[in-house]
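Notes follow once the structure below has been shown.
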Amino acid sequence: MDEDPLEFFRTLRATNPSIPIPVLVSPAEARRQAQQRATNIVKQWKTLRAVLDRHEATIQKRWAKKSRAQRLKILLDAWPNMPSTHRPEFEAFRKETPQQRIAGTKYRQDYLWPYINKDDMSKPRTLPLLLNSRGRNLPSDFAGLDADNIRFPFVTQAVVPLFLNLHTMILNGFTEQTMDSYGTLVHWHDHEDAADWFHTQKQFQPGEGLLVLESQERLLTFLVDCCRQILHEIPQETWISSSFPVQPEPKMKEESESTGFESLAVMAAEGPYRLPAKLNLGKIESLLAAKASATEDRLWSMREDPVYFYEQLLDAKEHRHEMIKDTMGQIHHFVTDPRFQDLFWFRVSSSLLLEVFLGVEMFAELKQQAHHLHILQVKYAKKISPTDDLPEDYMKALVTFRYFLEKVAKGCLSQLKIVGPSSPNFRHMFVRQVPRDYNSNIMEVMSVPRPGQSQAVTNLKWLLSTLWEDGNDLFLAGMRLTVDELERLIEAEPEAKQFISPYVAALIGDLSIVTQCMRQLDMYHPWARTFENAAVEYNADIEKAYSEASKSWGVFMATVKDNRIQSEAVRLLEPFKKIFPYPIDRRRTKENTEALRQAESNLDAFWACVDRIMYRTAGNLSGTATGRLLLQSRILRRTPEWVEPQAKKPPAPNTSSSEFVDADQSVYKPLSALYFSTVAQTKKQKVKIKCAPTTVTVEDLTPTPPQFPSQKEKQPTFHVDARALKVFRTIFFNPDITSTPGEIPWTDFLHAMTSLGFLAQKLYGSAWQFQPTKLHVERAIQFHEPHPKGKIPFRDARRHGRRLERAYGWVGSMFVLKEGK
């Protein structure tokens, strides 16, 4: 490449004519452009910094008072022809063919400054955020972020950077004292590390660096011009003079201070206008720990609550390709033909079981890795420098974690490809091909055009299909950006939101947790640019780690595909194929009690069967998160036999350790009778498993008594207002004390949780995270916002109470009304 640096690109183009050949630039010309732009950048930055030191509070106040029309006038005077829509590069990408982009896009501005648009910039907070971040931090602090912003035009070939071989541009690692060297171009022969900086991407390719400088130069010029217009009555020659003394930096009110909660969508939307955040592994660990706990709670609730199990089973059924009508207008015969009913329900239950089990396993693994990373980050905190490599074990752990995140994300996308088109809200936009073979398992689903479809729905369909197709469009746009855009569209367009079922919303929430972790890693500049090369270097170790971790996951795949699930467990699903009585919200009568006990017995029978099959397949699930969950002294709450009121007696003092009755007369049983028994046995333990659906006998048991609510240490009393008390009386409902409860508005639930000392954060989809800030507890907890009504049905509220009890040991008696409230 020394003799002819473009020969490499010509060779590539010979095999792929769509690859553009870049324009070659001479070292002298590249150096001239870099020096000119860098000099202007430093000049504009120093001016902006001086203006903000003296006038930032005034600018913020004046901007807040202006109408949208007044803001737009200032913005358009400083940046004529500003694009109208949010993320204009997406719209530009859809307007042009690949050939048109390569020949020379008409939307270069949209691609290089996608965050400069009327929709976003006219909002009250955006310009003040951008002024503060760019004016009070060095331009070099944004080099990695600005390079990320121009990734999309690079990969779509809408913008092809100039090419200069054997040189590296220095944009990272500057201080205020060394900014005069910003944008220095170094020949590989002139510095021993220059080639390494280029290949590991610690610094920048010359063409890429020139585009970063172009981006920063125009942006800073724009910001200075906006300040000039806002401070229009102050002569420009005096606005940074001694006539205006330096003022303390004003504190800008955060969005959460106005709304009472944080929003991941708002944080993502404001990301391009803020200083790139530092890697917060504590936040990642908390997010994944709460999600891992939520997956365990889901499995727990499916074992404990017949209604929840029924709802999950029904959702799994309603989000399958068999439910999409074919080109003849018929639902799949697996659903309607009695001969295929067992096979169909086998598929429904197997997919649901696998989804739940793998959810527990994958997020437990991610949580464990995040915890290990957090330890390493603290360990090396004093040794990490932007000019040095990361410690090897820390870098290897980072790229391994990112690899696992990508694998989990791929799993979410595969699931979305099934549940998205099949969801009741969306399936009318798709058709299924009539199978050629009546017994065939292959189902081909195609999108069909719908006349009169709005732009919002068109965009929704494109974003979802981009995700679940997981093809070239997703590679070009990037998963994080696509997920961000999907959430923004759903929140901004009510018409789009109505197409998202709660099941799909929950899956989007899972995907958002993974992409949020990936976002944190990708902001870890300057090292984030080196992850790709490091992943290649450590590929063998990463693949080995993934193979070891996923080996145990195969246990659950083998279990759910076992023919005995179809021959034994599916028959036990008969009571759940139709609506069944479970009057948990009614006062206890003999009839209601029997209905509750029968539903719980049906559910216990199904899970006992699944446990038997799993035990035969995988033994005690050693080394798995599910095994650890089932082997603990966990408890299921069950309804005791009916006793006439006058004959009711307190629980016997010597209640069996595998069945305990608390103060409200609920019966407690192990989460899994079989797996609890295996861990509770003596060294001479002997487990006998019979073929009857619910018969498991164990000899020589010496179980450790589980910690039931009435045995826990005394909990504090929470003094809450009447609005919050009503919420807690509902979620900790006692039918013998309280009248029949109703629904809980989601806003009331938010109020109740935040009043206790939780910080509520809106994730994507329907997921919310509640992080304790003023409580003597550490772990966060996640709940899903009800969709589309915005009110929590009583039975869901009751499950929320069970989860709070399991997480924190809370019971209804702990919540009392504040005096004077």
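The values are calculated or read from the model by the stated rules, or taken from the named source; none is laboratory data. Keep in mind that this is a model prediction, so the values were computed, not measured. Cβ atoms come from the backbone with ideal geometry, glycine included; neighbour counts cover every protein chain shown.
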Selection from the stretch 86-104 of residues that are outside any loop (DSSP other than H, G, I, E, B) and on the phi > 0 side of the Ramachandran plot: Gly104
Would you confirm, using the coordinates I've provided, whether Gln177 is in contact with a helix residue (DSSP H, G or I) (Cβ under 8 Å, 6 or more places away or on another chain) and in the same structural domain as Lys66 (by TED's automatic domain parsing)? no
Over the stretch 485-503, the set of residues part of a helix (DSSP H, G or I) and farther than 17 Å from Leu413 by Cα is Arg488, Leu489, Ile490, Glu491, Ala492, Pro494, Glu495, Ala496, Lys497
Got a sec? Which of Ala364, Ala409, Ala456, Ala370 is farther than 20 Å from Asp522 by Cβ, part of a helix (DSSP H, G or I) and in contact (Cβ under 8 Å) with a residue 60 or more places away in the chain? Ala364
Sole miss for Thr530 among (1) at pLDDT below 90; (2) surrounded by 17 or more Cβ atoms within 10 Å (Cβ to Cβ); (3) hydroxyl-bearing (Ser, Thr, Tyr); (4) more than 30 Å from Phe142 (Cβ to Cβ) is condition (4)
Cβ-Cβ distance below 8 Å, separation of 6 or more or different chains: which pairs start in the stretch 754-779 with a residue that is more than 29 Å from Ile500 (Cβ to Cβ) and in contact (Cβ under 8 Å) with a residue 12 or more places away in the chain and end on one that is among the aliphatic types (A, V, I, L, M) and assigned to a loop (DSSP other than H, G, I, E, B)? Leu756/Leu775; Gly757/Leu775; Pro772/Ala780
Taking the stretch 749-769 as the region of interest, how many residues are farther than 15 Å from His787 by Cα and touching an Asp or Glu at 6+ places or on another chain (Cβ under 8 Å)? 4
Whichever residue in the stretch 764-790 is modelled with pLDDT under 85 and within 24 Å of Glu493 (Cβ to Cβ) and, among such residues, is surrounded by the fewest Cβ atoms within 10 Å (Cβ to Cβ): Lys789
Please find, within the stretch 540-564, the residue that is modelled with the highest pLDDT out of those that are loosely packed, with under 12 Cβ neighbours inside 10 Å and polar (S, T, N, Q). Ser547
Is it true that Val378 is of a type in the set (A, V, I, L, M), part of a helix (DSSP H, G or I) and under 30 Å from Phe204 (Cα atoms)? yes
So if I check each of Ala569, Ala595, Ala605, Ala549, which one is among the small types (Gly, Ala, Ser) and either touching a Leu at 6+ places or on another chain (Cβ under 8 Å) or assigned to a loop (DSSP other than H, G, I, E, B) (or both)? Ala605
Consider Arg798 against the criteria (1) closer than 18 Å to Val307 by Cα; (2) assigned to a helix (DSSP H, G or I); (3) modelled with pLDDT of 90 or more: it satisfies all of them except one. Which criterion is unmet? (3)
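From the list Gly509, Gly471, which one is out of contact with any helix residue (DSSP H, G or I) (no Cβ under 8 Å at 6 or more places or on another chain) and closer than 30 Å to Met614 by Cβ?
Just one listed residue meets the conditions, Gly509.
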Condition check for Phe426: in the same structural domain as Phe340 (by TED's automatic domain parsing), farther than 30 Å from Asn280 by Cβ and buried (at least 17 other Cβ atoms within 10 Å of the Cβ): yes
Could you please find all residues in the stretch 614-660 being among the basic types (Lys, Arg) and modelled with pLDDT under 85? Arg634, Arg637, Lys648, Lys649
Selection within the stretch 315-333 - surrounded by fewer than 20 Cβ atoms within 10 Å (Cβ to Cβ), hydrophobic (A, V, I, L, M, F, W, C), touching a residue at least 12 places away in the same chain (Cβ under 8 Å) and closer than 19 Å to Ile418 by Cβ: Met323
Any chance you could count how many residues in the stretch 187-207 are touching a Leu at 6+ places or on another chain (Cβ under 9 Å) and part of a helix (DSSP H, G or I)? 5
From Glu322, Glu304, which residue is within 26 Å of Lys410 (Cα to Cα) and of a type in the set (Asp, Glu)? Glu322
Name the residue that is surrounded by the fewest Cβ atoms within 10 Å (Cβ to Cβ), counting only residues in the stretch 334-367 that are closer than 22 Å to Asn602 by Cα and of a type in the set (Asp, Glu). Asp342
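Being in contact (Cβ under 8 Å) with a residue 40 or more places away in the chain, closer than 22 Å to Gln35 by Cα and aliphatic (A, V, I, L, M): is that true of Met179 here?
So Met179 fits the description; yes.
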Do the conditions hold for Val419, that is, is it farther than 30 Å from Glu537 by Cα, in contact (Cβ under 8 Å) with a residue 24 or more places away in the chain and surrounded by 21 or more Cβ atoms within 10 Å (Cβ to Cβ)? yes
Under the condition of being in a loop (DSSP other than H, G, I, E, B) and among the aliphatic types (A, V, I, L, M), which residue from the stretch 226-280 is surrounded by the fewest Cβ atoms within 10 Å (Cβ to Cβ)? Val246
Identify all residues within the stretch 82-134 that are of a type in the set (S, T, N, Q) and either buried (at least 20 other Cβ atoms within 10 Å of the Cβ) or more than 19 Å from Asn472 (Cβ to Cβ) (or both); write none if there are none. Ser84, Thr85, Thr105, Gln109, Asn117, Ser122, Thr126, Asn132, Ser133
Report, by residue number, each residue of the stretch 583-599 that is touching a helix residue (DSSP H, G or I) at 6+ places or on another chain (Cβ under 6 Å) and surrounded by 20 or more Cβ atoms within 10 Å (Cβ to Cβ). Ala599
Considering residues that are without any contact (Cβ under 8 Å) to a residue 60 or more places away in the chain, surrounded by 15 or more Cβ atoms within 10 Å (Cβ to Cβ) and in a loop (DSSP other than H, G, I, E, B), the number found within the stretch 56-81 is 1
Just to check your reading of the model, which residue among Ser350, Ser385 is in contact (Cβ under 8 Å) with a residue 24 or more places away in the chain and polar (S, T, N, Q)? Ser350
